[in-house]
Amino acid sequence: MSVDQVDDPGTSTSPTPLGAETHRVVVVGSGFGGLFGTKALRRADVEVTMVAKTTHHLFQPLLYQVATGILSEGEIAPPTREILAKQRNARVILGEVTHIDLDRRTVTSQVLGRETVTPYDTLLVAAGAGQSYFGNDHFAEFAPGMKSIDDALELRGRIFGAFELAEIAETEEEVERLLTFVVVGAGPTGVEMAGQIAELAHRTLKRDFRRINTRHARVILVDAAPQVLPPFGEKLGRKTKEDLEGLGVEVQLGAMVVEVDERGLEVQDKDGRRRRIDAVTKVWAAGVQASPLAKQLAEQSGAPLDRAGRVGVNPDLTLPGHPEVFVVGDMISLNNLPGVAQVAIQGAKYAAKEIDNRLKGKAPQEPFRYFDKGSMATISRFRAVALIGKVRLTGFVAWLMWLAVHLVYITGFKSRVTALLRWAVSFIGRGRSERTTTEQQIFARTALNRLEGGTAGLVSAPGEWNDQRSELAAQRRATLEEQASEEVRLTDTGVRGARVGD
Ligand SMILES: Cc1cc2nc3c(=O)[nH]c(=O)nc-3n(C[C@H](O)[C@H](O)[C@H](O)COP(=O)(O)OP(=O)(O)OC[C@H]3O[C@@H](n4cnc5c(N)ncnc54)[C@H](O)[C@@H]3O)c2cc1C
């Protein structure tokens, strides 16, 4: 049986019996879990359909470098289709999964008003997590998160745009507001963002402007927690804070953000005092919320859901009561596993092996065990912190490790080579190869959010196109014919032009 793409949601979706015909595996998501799960099934006797809402595989850990002009989006987001081109048993479908039907074993996805229903025998869900504003979703308009290429490009536009506007600002107050950058959240992403904005202001851009002194820019890192990088422990947190302060970043801890608007934000300190920080550019790097698909799976299976919206799974990563559904990565709640790439990668490989074992009639594996390979975060060029088991590394050695690990995990040889060149330009020199920004980058998200029906409202539905096109063509033909006969009439009646012989 081929992997069917069914247009009618009413189509029968009865599961294929194991061993009878080619087993259909549907993978939701093209992130770490989705991609590594699909690749791990390359030798299995299955047909894999990956359904994902973007056409690329995103290497999220380097998003901050796209936002600050070091890397291009293509270097951290290669096309999934290209990565899987040689894997004959895998195909890719673009679409946002809106519904998973556990009874009928189908996955429904949508893209620009087109709906696809894909039946499965085994499902691997790896839809990750999005940004959480802790119930204050209106903050998002003024403080973009760091979860997607769109986010990173919007932030790039906002950061470089702030320097441009400051150069033509008329008052000192305005310049200060434009040259104040606030990063909310002192986890690895917040630390990396704050460090890079400080390097931009103090190093990269210092010679490029005439009226403003970019070194006067304020970069503020705020967090309600009492320390920087809590999962790295007290010692590395303190060292990171000192390093950031050495770079000129103001670290404000115990400060909870309670309001965000176009021109700044309000924070509440531990003593209850509220204060305002005027800042045009805000970056939200605090809080994650699992994909809404986790809630759907929990509701249909009776599995628990935690506060971050993650679904509780069995020790073998299957959904309670549904051995044919595996859930991996940032969406799951199991034994306090952290939301890191290795949890998703190892989980997806485990699920792929289990699928293969079942098809071969082998015994189930032992419960999933995560092997912690360590965590690291960069602070600036040549400076990072790393925690590997009990070993704590800081400074240049940690940075070299960061470099090696990221080179290994960036997908594709092309991307590795270009990333290495860009890093040489930015870290040995002071350049940033990717400073291009456009108005669309900065404002399109807000504009699209205001559109009723989103992007689907901007395109015609399938089928509507032909009618519309012939109507438009007829109108255009009539206009052109009218214009042409008027031109002829003007010339022939002598109203316009010189008559031959005059
Ligand atoms: C800025 C940032 C920096 C990070 N830095 C590090 C780091 O240094 N080290 C580390 O280990 N981890 C880091 N992480 C965490 C790491 O990226 C995640 O833990 C990892 O990506 C989780 O993998 P996943 O497969 O669960 O989800 P993801 O990799 O997020 O993939 C989810 C996929 O599902 C797709 N998707 C979502 N919803 C739908 C839907 N409804 N329909 C179809 N497709 C859907 C998405 O488009 C995406 O392809 C970072 C995360 C961020 C955001």
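The values are calculated or read from the model by the stated rules, or taken from the named source; none is laboratory data. Keep in mind the model is a prediction, meaning the values are calculated, not measured. Cβ: placed from backbone, ideal geometry, glycine included. Neighbour counts: every protein chain shown. These area figures cover heavy atoms from the full protein model, side chains too; ligands, DNA and RNA do not enter into them. Shrake-Rupley method; radii C 1.70, N 1.55, O 1.52, S 1.80 Å.
Quick notes
- Options Ala217, Ala143; residue that is within 16 Å of the ligand (Cβ to nearest atom) and small (Gly, Ala, Ser): Ala143
- Where Leu178 falls short, out of the listed (1) more than 30 Å from Gly395 (Cβ to Cβ); (2) in contact with a strand residue (DSSP E or B) (Cβ under 7 Å, 6 or more places away or on another chain): (2)
- Qualifying residues in the stretch 42-75 (those that are part of a loop (DSSP other than H, G, I, E, B) and away from the ligand (no atom under 15 Å from the Cβ)) - the one farthest from the chain's Cα centre (by Cα): Asp45
- Filtered residue count, the stretch 450-483, keeping only those that are closer than 20 Å to Gly113 by Cβ, hydrophobic (A, V, I, L, M, F, W, C) and modelled with pLDDT of 80 or more: 5
- On inspection, Thr68 does not qualify as open to solvent by 10 Å² or more (accessible area, probe 1.4 Å) and out of contact with any Cys (no Cβ under 9 Å at 6 or more places or on another chain).
- Every test in (1) open to solvent by 10 Å² or more (accessible area, probe 1.4 Å); (2) in contact (Cβ under 8 Å) with a residue 12 or more places away in the chain is passed by Arg238 save one, and that test is (2).
- Residue list for the stretch 275-317, filter: charged (D, E, K, R), closer than 26 Å to Gln110 by Cα and surrounded by fewer than 24 Cβ atoms within 10 Å (Cβ to Cβ): Lys295, Glu299
- Selection of the stretch 76-87 for residues being of a type in the set (A, V, I, L, M, F, W, C) and either near the ligand (Cβ under 10 Å from one of its atoms) or in a loop (DSSP other than H, G, I, E, B) (or both) yields Ala77, Leu84, Ala85.
- Output for the stretch 456-481, where each listed residue is among the β-branched types (Val, Ile, Thr) and either out of contact with any Leu (no Cβ under 6 Å at 6 or more places or on another chain) or open to solvent by 100 Å² or more (accessible area, probe 1.4 Å) (or both): Thr479
- Helices (runs of 4 or more DSSP H) lying entirely in the stretch 406-502 (those with 1 or more residues that are closer than 22 Å to Ala67 by Cα): 413-423, 439-450
- For the stretch 275-284, the count of residues that are part of a loop (DSSP other than H, G, I, E, B) and more than 30 Å from Pro323 (Cα to Cα) is nonzero.
- With respect to the conditions (1) modelled with pLDDT of 85 or more; (2) closer than 24 Å to Pro78 by Cα, Lys414 lacks only one, and its number is (1).
- Each residue in the stretch 432-450 was checked for being surrounded by fewer than 12 Cβ atoms within 10 Å (Cβ to Cβ) and more than 30 Å from Leu420 (Cα to Cα), and 3 of them qualify.
- For the stretch 177-191, the count of residues that are touching an Asp or Glu at 6+ places or on another chain (Cβ under 7 Å) and open to solvent by 30 Å² or more (accessible area, probe 1.4 Å) is nonzero.
- Qualifying residues in the stretch 88-105 (those that are assigned to a strand (DSSP E or B) and open to solvent by 50 Å² or more (accessible area, probe 1.4 Å)) - the one farthest from Gln60 (Cα to Cα): His99
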